[in-house]
Amino acid sequence: MKVRKAIIPAAGKGTRLLPATKTQPKEMLPIYDTPVIQLVVEEAIKSGITEILIITGENKHSLEKHFDITNTGNGKLKEFNKLLEKVDITFKRQSNPRGLGDAILRAKNFAHGEPCAILLGDDFYLNCETPATKQLIDAYEKLGSSATIVGVENLSKEKMTKKGMIVVKKGSTEVERIIEKPDIDSVVSELAISGRYIVVPELFLKLEKVTESVRGEIELTDGLAELLKDKLTIHAHSIEGTRIDVGNPTEYLIANLKYAMLDESVKKEVIKVIKSELDN
Ligand code: G1P
């Protein structure tokens, strides 16, 4: 079955970005001139997705309004409006947030038995010849349109302790084990889950049975691990491009610089400022 639908969880409180996120959603923070959620939605649309469900929570009204099609605005906004005409975006509130797995479970009816892309709402990709989600959809189709695909990136041991770790079978991309935020001593792989997935409909049934993890959350990773227990195949796919996380203030600053400097004239200005700072 073709992947037409995408789920974007955007209900997180963004506490690591306080005070910037005191009243506004972290997903609405601009990366140079564009809210991060817009970059994520654009990726989904450019990947051929035609239906998007954004899972929201407290204080997310401005996020919903951002997807209204308006008649005014500059060239960039006009381009975005055109993209929005290609897609149907709906919102669902996660009224009692209990973790990423719980947010995804809110999309069970939306998925309605179809495979879905998942794009986490607080990271985005740059320098992709093919949009990140499209790369995963292509892998999904190539592998027979029946396996779950998890986007991965190579990370150091220290960084892995903050991510989902993937262990693949020797010489293959097939996933053998999947562990959320392993202790440093349990890190046995460099492959970290990067925030992009294509999931099969069985995942929702598994998530219904997942219980709280040690950190008190319903983990998406535990739902995926349940698929493996049932011999449902998951493949890891390395996404080509630069993954940009917006999780904390320093990452956010770097994200802004990297995105803004795609424009050569901005890049020149930024380099000038940094050089003069270094000279002082
Ligand atoms: C979540 C997932 C984790 C994944 C990460 C990617 O963690 O639980 O498996 O590696 O996103 O950013 P979080 O960043 O929400 O703690």
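Coordinate-derived values only; no laboratory data. Because the structure is predicted, anything quoted here is derived from the model rather than measured. Cβ: placed from backbone, ideal geometry, glycine included. Neighbour counts: every protein chain shown.
Here the scattering of the range 131-210 is modelled by Debye summation over its C-alpha atoms, one equal scatterer each and no solvent; at q = 0.18, 0.26 Å⁻¹ the log10 of I(q)/I(0) is -0.82, -1.27. The residue among Asn127, Thr56, Gly73 whose Cα reaches farthest toward the positive pole of the charge dipole of the range 1-134, with charges on the beta-carbon of Lys, Arg, Asp and Glu, is Thr56. Each of Asn154 and Tyr32 was given a label point 7 Å from its Cα along the Cα-to-Cβ line. The distance between the two points is 2.7 nm. Determine the calculated [θ] at 222 nm for the chain from helices alone, applying -39500 (n - 2.57) to every DSSP H run no shorter than 4 residues and normalising by the residue count; nearest 500 deg cm²/dmol. Theoretical 222 nm ellipticity from helices: -9500 deg cm²/dmol.
Placing +1 on the Cβ of every Lys and Arg and -1 on the Cβ of every Asp and Glu, with no other charges, gives the range 1-115 a dipole of roughly 260 debye about its Cα centre. For the range 51-121, the pair-distance distribution built from all alpha carbon pairs, in bins 10 Å wide starting at 0, is 17, 44, 29, 10 percent.
Using the Karplus relation 6.51 cos²θ - 1.76 cosθ + 1.60 with θ = phi - 60°, the per-residue 3J(HN,Hα) values for the range 192-208 come to 10, 5, 9, x, 9, 8, 10, 10, 7, x, 4, 4, 5, 5, 5, 4, 4 Hz, with x marking Gly and Pro.
Inter-label distance, Leu253 to Glu277: 0.6 nm, where each label sits 7 Å from its Cα along the C-beta direction. The distance between label points at Lys268 and His61 comes to 4.4 nm (points 7 Å beyond Cα on the Cα→Cβ vector). The long axis of helix 132-142 is offset from the longest Cα principal axis of the chain by roughly 30 degrees.
Taken about its Cα centre, the chain carries a charge dipole of roughly 260 debye when the Cβ of each Lys and Arg holds +1 and the Cβ of each Asp and Glu holds -1. For Arg93, the residues whose amide H sits under 5 Å from its own are Thr56, ignoring neighbours fewer than 5 places away on the same chain, with H placed 1.01 Å from N. One decimal place: the segment Lys82-Thr211 gains 42.2 nm when fully extended, by the rule 0.36 nm per residue minus the C-alpha distance. As a ratio to 2.2 N^0.38 Å, the alpha-carbon radius of gyration computed for the range 172-236 takes the value 1.11.
Note on Leu126 and Arg4: the extension gain reaches 41.7 nm, defined as 0.36 nm multiplied by sequence separation minus the Cα-Cα distance. The GNM of the chain, with springs linking C-alpha atoms under 10 angstrom apart, assigns the highest mean-square fluctuation among Ile254, Ile239, Ile55 to Ile254.
So, by mean Cβ neighbours within 10 angstrom, what's the order for 59-67, 9-17, 37-45, 214-222 with the highest one leading? All intermediate terms of the calculation are to be shown ahead of the outcome.
Working: 59-67: 16.1, 9-17: 20.0, 37-45: 23.3, 214-222: 17.8.
Ranking, from highest mean packing down: 37-45, 9-17, 214-222, 59-67.
A convex hull fitted to the Cα coordinates of the range 153-280 yields 159 cubic angstrom per residue. At the listed q of 0.13, 0.17 Å⁻¹, the Debye profile of the chain, built from one uniform point per Cα, gives log10 I(q)/I(0) equal to -0.89, -1.53. With the convex hull of its Cα atoms as the shape, the range 58-186 has an orientation-averaged projected area of 11.3 nm². Three semi-axes describe the equivalent ellipsoid of the range 1-114; taken as square roots of 5 times the Cα gyration tensor eigenvalues and ordered largest first, they are 22, 21, 11 Å. Relative to the dominant Cα principal axis of the chain, helix 220-229 is inclined by about 30°.
Using R₀ = 30 Å, calculate the FRET efficiency as 1/(1 + (r/R₀)^6) where r is the Cβ-Cβ separation of Val188 and Arg98; round to 0.05. Working from the Cβ atoms, E equals 0.55.
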